[in-house]
Amino acid sequence: PDSKFVIFLDRFTDFPGLVNDIATATCDQAAVVRPGETVNTTLGPGEQVFFEPQCPALTEDLVIELRDISGTSYLYVSQENENPNAFDFDLAVEDGSSNKLVLVTRSANSTGVNSGIY
């Protein structure tokens, strides 16, 4: 198991804090997107969501498309950070456009591509 999902309690009285620890560990976990899959999600102000493509043999290039139905979102992409954001990203689209399209060229030492939407 992934160590960030293994939580030990020292005392039974620590049990109420377990819910907070689980929420903290899982809320930032990226949702897996299969090739060609379309994902529809709704974000409220200040919320974020993370995605990771499920590509067993990621090709050299990957296209990420984001369309805002209403409101404005920001897209951050990283090949190293599991939770890309405004302070830690490789590519970003923050221009307020409703259609965002990013071409990611995989680096030689990349283990994957993660995207964060805010």
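Sort 48-54, 93-99, 73-79 by the packing proxy (mean of other Cβ within 10 Å over each peptide's residues), most packed first. Intermediate results must be reported in sequence, preceding the final value.
Working: 48-54: 16.6, 93-99: 12.3, 73-79: 21.3.
Top to bottom by mean Cβ count within 10 Å: 73-79, 48-54, 93-99.
Relative to the current alpha-carbon distance between R11 and E82, full extension at 0.36 nm per residue lengthens the span by 22.4 nm.
Computed from the coordinates by the stated procedures, all read-outs in this text should not be read as laboratory data. Everything quoted here is computed from the prediction, not taken from an experiment. Here the Cβ is made from the backbone with ideal geometry for all residues, glycine too, and neighbour counts use every protein chain on show.
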